[in-house]
Amino acid sequence: MNFSHTWLQFHFNDKLPTPEKLGEVVGLHAFEWEGTEEAPHGDILIDWDVLPNRSSDCLSYQGMAREVAAVLDIPYKKWVKQEILDTVFDSSYKTSDFVTVQVADKDLVKRASKRLATGVQVGPSPQWLVELLESIGQKSINNVVDITNYVMWETGQPVHAFDFDTIAGGDDKKTITIRFAKDGEKITDLTGLEHELDSSMLVIADSEKALDIAGVKGGLGSGVSDKTTRVLLSACNFDFQNIRNTSRKLKLHTDASKRFENEVPLNKIDDAMVQFSYLMQELTGAKVSEEIVDTAPELPTRDTIALSVATTNSILGLQLTKEEIISLLKRVGCEVLDGEESFAVTVPYDRLDLGFAGDLIEEVGRLYGYENLQAEMPVEGFVLPEISSLQQVTRTISDILVTLGFYETKARTLGSEGVVELTNPLNANAGFLRSHLGGELVKKAERNLAHTDEPRLFEIGKVFSGVSDTSVTEVWHWAGVIGKRKIKDKQKQEVFLQTKGVLETVFAALGVKNITWEEHIDEEAGSIATVLVDGTNVGLVGVNWWEINVDILIGFISPKVVYKKTSKYPKIDRDVAVFVPSEVTVACVQDLIQNELPQETVNFELFDVFEKEGKKSFAFRMVFQSDVETLSDVWANNVMDGVYKKLEQEGYEIR
Amino acid sequence: MTFIDVTRPGTKQEKGNLHIISKTIREIEDIFVRLGFEAQEGPEVEDEWHNFDALNVPENHPARDMQDTFWIKGPEKMVLRTHTSGVQNRSMIQKGKPPIRIIAPGRVFRNEALDATHEAQFHQCEGLMVGDDISLANLKGVLLEFFKVFFDNNKTQIRFRPGYFPFVEPGIEVDITCMKCAGADKTCNVCKGSGWIEILGAGMVHPHVLDSAEIDSKQYQGFAFGMGIERLVMLKYGVDDIRDFYDGDIPFIKQF
């Protein structure tokens, strides 16, 4: 909120620091200082971002002056003029003879206070008031309206002036009801805008119609005009949530609703009513009835808060004395009932944010000055931090992919497709939580082709795969893509092997074993295979991309190293090449051979594939080594004879 | 001997790169692990209780206005988490009792329009330390060490101002010295001449937050903090548009 330096100064006998200085010092001890700006009439506005929990007392000059006084440790004047408190009001008639106030719901209308002013002369405001309002960007209307405005800014309590003679119900006895609106009830506000209300909203009404949207805006017709002579001064206190809802539903945000939404302290009505009445007498020539009609004049008491020196120092990390603590609390207006180590603190009635010891400790800390707090490393309780398997796995995957030339991307969770939907999306293209990473990753790779030959990308992130009445299923996925301009049919095998090779490298690093690849053609997803570990499906693979479920994969990692002494005997190797019909897979032939191999086999792999005249040739190499002896050629030939025999039995032709 | 031209460029070995957000999260994790903090994670779709109630943000509290929340269609009271603070409750329950030192980096969501400094999704890192006598002075100590290492500048200073977050009391706004001008340039576009940069929100854990995690608030106390990771990266490297992080453009990713 922008605060007028001039207006604040009214509350102090001491000369306040310059706006910049004041802005900064209050910024360090109370509210963030957003800057200063020049205002009309030589004034300067200081913009402080009043904290949400202080909006109940500091969206006002009285509240802010008290805060400035506490920060600067100087005295302040709650009342701009002493005369306000010394005013004599009119005892020749009673407000209650003219008006009765009824409240429909005492929980929502916590307090309503009315007072009658007679002999009002509506006219221009004095120059000081016009200038003051202008300096904070408010236009002067007439003396009565300006007074209501002034009182709200000064005390934080919104007030309203009703033209008493426009209220229905005869000349001398009117009933004001604060009730729920009827569904569909219409009211035109004082700017001429019509609003349709519902039954959750409160209105201030006479016997015939709603006069005012309670806590939000006055209505047309009951406001003050040139002809007004009798004014009903009105100040109420409403439930903050109710006003917040009304203001939102109507999309009507006013200076009054802003204050009510932040919960105006109950005692503010008293401060506001006395200033309102004083100014009505001073500036409009009115006589204001001494009697106030009030639905809840007795304020509920507030509990004291127990605070100890030890707790205060322990939380802040300071060594303050009891006297220092008490003196800091007194600066914000607390009263302290002295005790030995612990004491009872009575907080200012309108400091709604002060509810327990921690709140008081904050007051002590910020006024003492956080700049005086030494940085201290904690010394207690060290436990060796664990590193989760998710953290380990994602780091291993990422590190290997980076060395293989992959770039990590992060895509947005919110998009136009998915199974989990938002009720309140930002826009139509961001209404769903992603259920896969691959699609977006492939698109990103395509975009990168504009400047990169073979963009290799990966992402590890959460996807949202299901939703029930009570929960949403979220899973860690890992997707990757090798971006290609166009993959011709005859290149597909080659590109797939590139993709598969990347995955195999990562699986090996993670210690994932027993991997099988199964053909799985899904036109929609564009996948051609599934990867299984120990028979469990861990993900889908396309020609040049993959998407793996990390949560499942984690179950199969075995980072433990099993050391095996290396053999000192020589290795012996053998090759076999075989022609097979074109529909036979490598895995099929490999399995056949594998069954014939002895335990001395240390390596067995495919090293060549070619196709010729409708036949395929696979060439395998196997390496043998014993831990206990040198293997002979005869031994190896013997093994190979078994392999040849097996292959021939299947009808394959050995090359 | 055969002539070998040693001035010819070496054969190119194509190496990729981590995303700067991941890199930064690692860096944060590694610094805090050295300080005895354990990295934890929590769900991105949270129930309302963990996201708000357990953090002392009661229903109808104006503080729920501070963050505009995405709600999930279907299950009741599920939201996209608006902060990583929801992990506080889960990790305290998991640990059972102090000493507790955790950090929780992760993705968070706010229902706000996209521009150069606002994304509907971004990353945060939560920090939490609870023990017998953990104080605001300890918070200052830990954060100061962190920022010195993170910004690789031993002269980095830290400043506390009052702040308000329902889950802490006292609540603190933390500033650090401007990494661009250190206060020397009155026209600096990073700190706007103040010499200070607002970097994170923190405070002493509110007793209600401890109690809701079954940690006895009469016996234990601690601090919590939450920082925006994109913001740290933008400040550290001078990135000026938050949307660049999500484009997946290799020339952007390559630089870090």
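The values are calculated or read from the model by the stated rules, or taken from the named source; none is laboratory data. A quick note: this is a predicted structure, and the numbers were derived from the prediction, not measured. Quick reminder, even Gly has a Cβ in these numbers, built from the backbone with ideal geometry, and neighbours come from all protein chains shown.
Below are the figures for this structure:
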read-out: Number of the condition not met by residue A:491 [criteria: (1) within 11 Å of chain B (Cβ to nearest Cβ); (2) modelled with pLDDT under 95]; value: (1)
read-out: Condition check for residue B:178: closer than 28 Å to residue B:97 by Cα and in contact (Cβ under 8 Å) with a residue 12 or more places away in the chain; value: no
read-out: Failed condition for residue A:445, given (1) assigned to a loop (DSSP other than H, G, I, E, B); (2) of a type outside the set (Asp, Glu); (3) more than 7 Å from every other protein chain (Cβ to nearest Cβ); value: (1)
read-out: Test result for residue B:176, farther than 19 Å from residue B:82 by Cα, of a type in the set (A, V, I, L, M), in contact with a Cys (Cβ under 7 Å, 6 or more places away or on another chain) and not in a loop (DSSP other than H, G, I, E, B); value: no
read-out: Top-ranked residue of the range B:1-35 - restricted to ones that are surrounded by 11 or more Cβ atoms within 10 Å (Cβ to Cβ) and more than 11 Å from every other protein chain (Cβ to nearest Cβ), ranked as nearest to residue B:256 (Cα to Cα); value: B:24
read-out: The range A:603-648, subset in a strand (DSSP E or B) and small (Gly, Ala, Ser), residue farthest from residue A:570 (Cα to Cα); value: A:617
read-out: Residue check for residue B:38: within 18 Å of the chain's Cα centre (by Cα), facing another protein chain (nearest Cβ under 8 Å) and closer than 26 Å to residue B:234 by Cβ; value: no
read-out: Search result, residues across the range A:394-410 that are crowded, with 23+ Cβ neighbours inside 10 Å and either more than 7 Å from every other protein chain (Cβ to nearest Cβ) or without any contact (Cβ under 8 Å) to a residue 60 or more places away in the chain (or both); value: A:397, A:407, A:408, A:409
read-out: Answer from A:504, A:547, A:459 - the residue that is within 14 Å of another protein chain (Cβ to nearest Cβ) and surrounded by 15 or more Cβ atoms within 10 Å (Cβ to Cβ); value: A:459
read-out: The range A:135-149, residues that are surrounded by fewer than 24 Cβ atoms within 10 Å (Cβ to Cβ) and either within 18 Å of residue A:294 (Cα to Cα) or out of contact with any His (no Cβ under 6 Å at 6 or more places or on another chain) (or both); value: A:136, A:137, A:138, A:139, A:140, A:141, A:142, A:145, A:146, A:149
read-out: Qualifying residue in the range A:477-485 (condition: of a type outside the set (Asp, Glu), surrounded by fewer than 16 Cβ atoms within 10 Å (Cβ to Cβ), assigned to a helix (DSSP H, G or I) and outside the structural domain of residue A:588 (by TED's automatic domain parsing)); value: no
read-out: Condition broken by residue B:217, with the remaining ones in (1) small (Gly, Ala, Ser); (2) part of a loop (DSSP other than H, G, I, E, B); (3) modelled with pLDDT of 95 or more; (4) within 19 Å of residue B:144 (Cα to Cα) satisfied; value: (4)
read-out: Total residues in the range A:285-320, condition within 13 Å of another protein chain (Cβ to nearest Cβ) and either touching a His at 6+ places or on another chain (Cβ under 6 Å) or at positive phi (or both); value: 1
read-out: Scope the range A:320-351; condition surrounded by fewer than 20 Cβ atoms within 10 Å (Cβ to Cβ), closer than 30 Å to residue A:259 by Cβ and either touching a Ser or Thr at 6+ places or on another chain (Cβ under 9 Å) or of a type in the set (Ser, Thr, Tyr) (or both); matching residues; value: A:335, A:336, A:346, A:349
read-out: Residue, farthest from residue A:379 (Cα to Cα), within the range B:75-119, restricted to residues that are among the small types (Gly, Ala, Ser) and out of contact with any strand residue (DSSP E or B) (no Cβ under 7 Å at 6 or more places or on another chain); value: B:113
read-out: Any chance residue A:413 is within 7 Å of chain B (Cβ to nearest Cβ), at pLDDT 95 or above and surrounded by fewer than 16 Cβ atoms within 10 Å (Cβ to Cβ); value: no
read-out: Residue that is nearest to the other protein chains (Cβ to nearest Cβ) [pool: residues in the range A:365-375 that are surrounded by fewer than 12 Cβ atoms within 10 Å (Cβ to Cβ) and part of a helix (DSSP H, G or I)]; value: A:371
read-out: Output for the range A:1-15, where each listed residue is crowded, with 19+ Cβ neighbours inside 10 Å, out of contact with any Phe, Trp or Tyr (no Cβ under 7 Å at 6 or more places or on another chain) and not in a helix (DSSP H, G or I); value: A:4
read-out: Test: residue in the range A:376-386 that is in contact (Cβ under 8 Å) with a residue 40 or more places away in the chain and either facing chain B (nearest Cβ under 9 Å) or at positive phi (or both); value: yes
read-out: Lone qualifier among A:362, A:282 - being within 14 Å of chain B (Cβ to nearest Cβ) and among the acidic types (Asp, Glu); value: A:362
read-out: Among residues of the range A:416-436, those that are among the hydroxyl-bearing types (Ser, Thr, Tyr) and more than 7 Å from chain B (Cβ to nearest Cβ), counted; value: 2
read-out: Residue tally, condition more than 15 Å from residue B:235 (Cβ to Cβ), more than 8 Å from every other protein chain (Cβ to nearest Cβ), among the hydrophobic types (A, V, I, L, M, F, W, C) and not in a helix (DSSP H, G or I), over the range B:133-173; value: 3
read-out: Sole residue being over 27 Å from residue A:143 (Cβ atoms) and either in contact with a helix residue (DSSP H, G or I) (Cβ under 6 Å, 6 or more places away or on another chain) or part of a strand (DSSP E or B) (or both), chosen from A:175, A:246, A:188; value: A:175
read-out: Top-ranked residue in the range A:385-409 [being part of a loop (DSSP other than H, G, I, E, B) and at pLDDT 95 or above; ranked as farthest from residue A:482 (Cα to Cα)]; value: A:409
read-out: The range B:179-214 - residue that is more than 12 Å from every other protein chain (Cβ to nearest Cβ) and in a strand (DSSP E or B) and, of those, surrounded by the fewest Cβ atoms within 10 Å (Cβ to Cβ); value: B:197
read-out: Selection count, the range B:230-256, where residues are within 11 Å of chain A (Cβ to nearest Cβ), in contact (Cβ under 8 Å) with a residue 24 or more places away in the chain and in a helix (DSSP H, G or I); value: 6
read-out: Condition broken by residue B:130, with the remaining ones in (1) within 30 Å of residue A:461 (Cα to Cα); (2) within 14 Å of chain A (Cβ to nearest Cβ); (3) out of contact with any Phe, Trp or Tyr (no Cβ under 9 Å at 6 or more places or on another chain) satisfied; value: (3)
